[in-house]
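Right, one structure below, let's go through it.
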Amino acid sequence: MIRAKFAIGALMLLGACSSAGGVNPVIGAVWDRVRGGNRAAEAAVPATPAPALTRARIDELDIAMIRVKVGDAQSGSILTARTLNGGYVTYASSNQQTITLFGALVTAHRGIAYDLLSVAHASNDPIAIRTPLEEWPSAVDRTYRLAGNGPEGEVLKVSCALRVGPPYPITQVEVTYETRIVQESCTGGATFMNLHMVAEDGQIWRTAQWTGPLMNQMEIEILEPLD
Amino acid sequence: MRRVQNFLAISILALASSPAAAVTFGPNLNINGSTGLVDMPGALMLPDGQTSWSFTGSNTMSGTVLSFQLLPNIEAVIRMQNLQDWNGPGVNQAERSLDLKFQLFGEQGWRPAVAVGFTDFGANGPLASEYIVATKSIGDNFRLTVGIGWGRLGTHNPIGAPFGARDPQTSNTPGIDHFFAGDAAFFGGFEWDTPIKGLTFSAEYSSDAYVGEQAAGFTVDSPFNFALGYQIGRNLNVGAYLMHGDAFGFRVSLTGNPNTPITPPDFGTGPLPVRARDGSSNMSASWANNAPIRGQMMTLLSTAVSEVGIRIHEAALSGDTVELQIQNTQYARDPKAIGRLARALTVALPPSVENFRISLVNGGLATTTVVLRRSDIEAQVERPNAGPDSYATTQFLDAPNHLTNPDFVFDDYPDFSWSFSPQIAVNLFGGDAFTQADVLLQGGASYRINRGLSFNLAVSQRLIGNIGDGALPSDSPLPHVRSDAALYNNGGPTMSRLTADYVFKLSPSVYGRVSAGYLESHFAGVSTEVLWHPTAQNWGLGLEVNYVRQRAFESMFGFQDYETVTGHASLYWDTGWNGFEAQIDVGRYLAGDWGTTLSLSRRFNNGWELSGYITLTDVSFDDFGNGNFDKGIALTIPLDWTLPYESRSMTTIGLGGYGSDGGARLNVSNRLYPIIRDYNQQDLHDSWGAYWQ
């Protein structure tokens with residue numbers, strides 16, 4: 001019995017252990033605990049608190065910026081624009097998790113669980129192309145491409161009905177925007193609902209979007225839009 | 001008349017409260033590890049790829065069962081069951097069977113699912129039976145199953161033999177003459193998804209009279225069997241059974257599906273955003289005339305990408321082209337490494353560099369060169385059809401093994417590396433014992449002089465297990481190339497490899513290997529191999545010739561007198577269909593027998609692989625002994641399926657292929673096809689979805 005316990009313990013510790021890296025995190029944790037070394041010392045030093053995000057700080061940075069929250073997360077992460085390719089703006093966090101937006105439509109994300117590879121939108125899609133609220137179509141079509149077999153991946157086509165709701169002012173980092181709630185109900189290859197807070201000129205300031213069947217909804221605040 | 005009453009009793013009970021709606025609960029496993037009722041089979045299928053490992057026991061049998069949903073409509077079950085007291089009091093019968101079930105129709109509307117199945121497929125042994133079965137959902141939580149069985153499933157209250165008499169059970173000799181022959185009998189029952197979440201109840205009328213068990217003294221008091229099944233979490237399912245009136249049984253099943261990994265696949269760092277050039281970019285290539293600058297740039301690039309799991313072996317830079325030979329040390333899918341490197345190149349290289357030629361290196365061999373155009377990357381990134389468009393604009397070429405005039409060469413040779421990994425070996429088919437298993441800790445070390453030449457050591461230590469325990473001295477009439485395996489010292493450390501290995505390429509599409517030393521646990525010698533496999537081709541041809549001598553039982557370095565020449569010509573075929581790959585080897589085996597091995601494997605995109613093989617040689621079934629011919633299966637599971645980070649490590653559970661002299665093949669560690677198989681165009685196509693990840 002002792003031998004069996006030893007065997008199981010050894011397997012747990014030694015799985016995926018090699019000089020090429022990828023040391024088992026179990027080993028890493030045990031090693032840190034045993035040696036009482038750097039990681040423990042680092043943990044003992046109180047981290048310098050991140051400066052509070054203020055509108056003045058955003059203005060000072062003068063860079064397109066979003067705050068993203070996934071699922072039930074208590075706080076969001078700040079991502080800043082890194083590249084602009086043909087209207088697709090890729091935002092990245094400090095640890096290189098990325099989200100790509102076309103307008104306010106999430107078209108891709110990486111490093112946040114199940115990757116969304118790309119989204120094809122119609123030319124009249126007001127979530128992707130800023131459109132005065134009064135000119136919004138009643139429905140649009142989209143194609144979501146998720147990681148899957150072969151270059152095609154998994155393709156989900158949906159039709160989304162848009163319904164403009166009541167006024168709903170929102171405040172984001174000291175600025176209040178007069179917006180309306182727009183509910184977007186999508187059916188087809190997947191069934192889901194998105195919510196958007198949209199100003200009369202079509203600017204979307206806050207949006208909660210579906211980005212894949214295995215992902216929790218992604219909530220995005222546009223803190224500083226791309227000029 | 002009585003049998004009709006019995007048969008209808010459960011059916012009427014089932015129909016008494018039957019609203020009409022689609023069923024929502026999944027198929028149950030019966031005590032034999034197949035989808036069905038209690039002991040009887042059903043017509044439903046598990047999700048594609050679903051794998052279950054079950055441990056079962058009752059008053060009449062005990063054993064282990066590996067179930068695998070081979071295709072969406074084909075279920076395969078490998079059973080290793082001990083039939084208790086079958087050969088007299090205290091003398092059990094060890095039975096291994098392959099059960100196949102083919103679903104002819106899925107359930108749709110009023111139509112039930114219909115399946116035809118074969119228990120102990122291709123052999124007329126004690127477990128052999130054939131059946132046709134239908135399953136229909138009635139309401140959200142109720143299912144009804146009826147069927148007709150032959151063979152073992154046609155023994156209780158038979159209705160006659162509609163297709164003629166059945167030969168008596170003789171042995172496990174392969175054959176199909178007994179299919180659907182002999183008496184037939186009806187069976188049926190229902191499954192109920194109880195209000196208690198995860199708990200199901202099943203009842204059945206069995207058509208199995210347990211003739212053999214009754215001859216051994218077992219009594220069957222009732223044809224009605226009952227079961228409770230309970231799903232505990234996502235990967236554990238248990239069952240309790242009341243059978244034949246007063247017999248109890250149980251089943252514990254570990255289940256998993258390679259299509260639904262436990263850990264989300266990408267909680268890591270995302271790729272670099274592509275930096276697109278614009279009209280103001282300086283397209284001058286004059287910098288390329290300065291060789292030190294080229295070398296310095298490639299050295300910096302090598303350092304940078306090594307941080308993200310990419311080792312650059314060789315690099316050459318010109319004004320418009322960069323050539324890189326890289327090894328992916330981190331990402332489970334190679335297109336992901338290619339894509340991340342390409343993104344880094346758009347950031348790191350001067351605007352004039354338009355062509356990226358990236359060759360993938362594995363095991364010291366350059367395999368395929370992927371040719372990308374920077375302008376394509378810039379035009380495709382983030383776009384809706386980036387996946388298919390990028391594949392369409394990428395060229396795949398056979399890679400030269402080295403660059404002609406490199407500006408950078410990885411110069412950390414000699415390179416020493418090591419690894420530890422668990423190994424689980426299970427012996428199902430060889431020897432006299434029932435099921436034997438070893439848990440091994442395998443340590444490996446490699447001292448690489450340069451990319452092609454290395455010295456390799458592998459040592460394993462059994463942690464727990466019983467393979468070979470109690471084995472009797474072999475009486476095989478063949479040279480004892482495997483049957484005396486138990487005589488090797490299995491308790492202490494075992495040196496399973498100490499070799500000098502040289503791999504090379506004769507041309508961009510022809511690979512070569514020479515290995516010498518202690519090639520495996522039982523044989524030492526010289527092994528040579530050549531493999532022709534153009535990357536754009538989904539098949540390849542190989543030739544291997546070995547001269548080997550058998551190693552001593554007690555001494556780690558000594559030899560016995562037996563020596564032989566063994567080798568095979570091999571055809572490798574990646575079918576491109578559902579991940580199936582086939583391999584045919586024809587040649588001379590270790591015991592001097594001539595024959596062929598047919599291997600079939602199914603690989604899933606996330607790295608799971610189930611493979612099986614059979615070997616038939618000119619050795620007669622009698623001379624071969626238990627099992628008649630060599631066969632085995634293996635399940636390979638990538639460790640990143642259960643680890644919270646991305647890793648290329650895998651572990652393999654091998655079943656069978658132990659202790660038989662006939663059809664025994666030399667176990668060479670670094671055969672060429674496994675080195676290159678993930679790097680041809682077909683495989684890169686299958687995993688190209690990761691290119692933009």
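What follows is calculated from the coordinates using simple rules that are stated; it is not laboratory data. None of these values were measured; they are calculated from a predicted model. Neighbour counts are summed over all protein chains in view; Cβ atoms, including those assigned to glycine, are modelled from backbone coordinates with ideal geometry.
PRE reach from B:Asn405 (point 7 Å along Cα→Cβ): which of region B:299-331 fall under 17 Å by backbone N? Under 17 Å, as judged by backbone N against the label point of B:Asn405, lie B:315-324 of region B:299-331. Computed from Cα positions, the angle between helix B:2-15 and the longest principal axis of chain B comes to roughly 50 degrees. D by Stokes-Einstein for the protein assembly as shown, Kirkwood Rh over Cα pairs, 4 °C, 1.567 mPa s: 41 µm²/s. Per residue, the convex hull spanned by the Cα atoms of region B:264-416 amounts to 122 cubic angstrom. Going by neighbour counts of Cβ atoms within 10 Å, the residues B:Met45, B:Met80, B:Met40 line up, fewest first, as B:Met80, B:Met45, B:Met40.
Bridgeable lysines around B:Lys197 (alpha carbons under 26 Å apart, same-chain partners fewer than 8 residues away excluded): B:Lys136. A cut-off of 5 Å between modelled amide H atoms, ignoring neighbours fewer than 5 places along the same chain, links B:Ala181 with no other residue.
Take every Cα-Cα pair in chain B and report what % of them are more than 45 Å apart. Of the Cα pairs, 32 percent sit more than 45 Å apart. Estimated from helical segments only, the mean residue ellipticity of the protein assembly as shown at 222 nm is -3500 deg cm²/dmol, where each DSSP H run of four or more residues counts as -39500 (n - 2.57). Using a Debye calculation, one point per C-alpha and no hydration shell, please list log10 I(q)/I(0) for region B:294-360 at q = 0.16 Å⁻¹ in order. Evaluating at q = 0.16 Å⁻¹ gives log10 I(q)/I(0) of -0.45.
Each of A:Met193 and B:Ala516 was given a label point 7 Å from its Cα along the Cα-to-Cβ line. The distance between the two points is 7.5 nm. Residue by residue along A:70-83, Cβ atoms of other protein chains within 10 Å of the local Cβ number 1 on average. Given in Å, the Rg to one decimal and the Dmax to the nearest whole number for the Cα atoms of region B:160-259 are 17.7, 47. Looking only at region A:156-182, which residues have a backbone nitrogen under 14 Å from a spot 7 Å from the Cα of A:Ala52 in the C-beta direction? Residues passing the 14 Å test: A:173-175. Electrostatic tally near B:Gln682: other residues with Cβ closer than 13 Å to its Cβ, Lys and Arg +1, Asp and Glu -1, net -4. Here is the tail figure for region B:14-124: Cα pairs spaced more than 25 Å apart come to 29 percent of all pairs. Taking the C-alpha atoms only, the angle from helix B:291-306 to the longest principal axis of chain B is near 30 degrees. Quick one: in region A:119-227, what % of C-alpha pairs are over 18 Å apart? Every Cα pair in region A:119-227 considered, those over 18 Å come to 51 percent. Between B:Tyr547 and B:Leu598, the modelled labels are 3.5 nm apart [label points 7 Å from Cα along Cα→Cβ]. Using the Cβ of B:Gly57 as centre and a radius below 15 Å, the other residues enclosed give a net charge of -2, where K and R count +1 and D and E count -1.
Sorted from greatest to least, the principal axis extents spanned by the alpha carbons of region B:64-217 come out as 46, 35, 32 Å. For region B:195-322, the relative contact order works out to 14 percent when only alpha carbon pairs closer than 8 Å and six or more residues apart are counted.
The mean sequence distance of close C-alpha pairs (under 8 Å, at least 6 residues apart), as a share of the length of region A:78-227, puts its relative contact order at 14 percent. For the pair B:Leu236 and A:Asp72, a Förster radius of 30 Å applied to the C-beta separation gives a FRET efficiency near 0.65, rounded to the nearest 0.05.
Once the C-beta distance of B:Gln296 and B:Glu378 is scaled by a Förster radius of 25 Å, the resulting FRET efficiency is 0.50 to the nearest 0.05. Excluding B:Arg143 itself, what net charge comes from residues whose Cβ is under 13 Å from its Cβ, given Lys and Arg +1 and Asp and Glu -1? My count for the surroundings of B:Arg143 gives -4. The simple Förster model, with R0 at 25 Å and r as the Cβ-Cβ distance, assigns A:Glu134 and A:Ser185 a FRET efficiency of 0.80. Just so you know, the Cα atoms of region B:475-542 work out to an Rg and Dmax of 17.0, 49 Å. Backbone phi angles across region B:559-576, fed through the Karplus curve with coefficients 6.51, -1.76 and 1.60 (θ = phi - 60°), yield HN-Hα couplings of 9, 9, 7, 6, 9, 7, 10, 9, x, 9, 9, 10, 10, 10, 9, 8, 5, x Hz in residue order; Gly and Pro are listed as x. Using only Cα atoms, find the angle between the long axis of helix B:334-348 and the longest principal axis of chain B, and express it within 0 to 90 degrees, rounded to the nearest 10. So the helix axis and the longest Cα principal axis differ by about 30 degrees. Its Cα centre serving as origin, chain B has a Cβ charge dipole (Lys and Arg +1, Asp and Glu -1) of approximately 1260 debye.
The residues B:Ser555, B:Ser280, B:Ser669, when put in order of fewest to most other Cβ atoms within 10 Å, stand as B:Ser280, B:Ser555, B:Ser669. Considered as an equivalent ellipsoid built on the Cα gyration tensor, region B:474-606 has semi-axes of 31, 18, 15 Å, the largest given first. Gyration tensor analysis over the Cα atoms of region B:350-431 returns equivalent ellipsoid semi-axes of 36, 23, 13 Å (largest first, whole Å). Averaging the Cα positions of each part gives two centres, and for region B:285-339 and region A:101-117 these lie 28 Å apart. If you take the Cα centroid of region A:180-217 and the Cα centroid of region B:363-382, the two points sit 35 Å apart.
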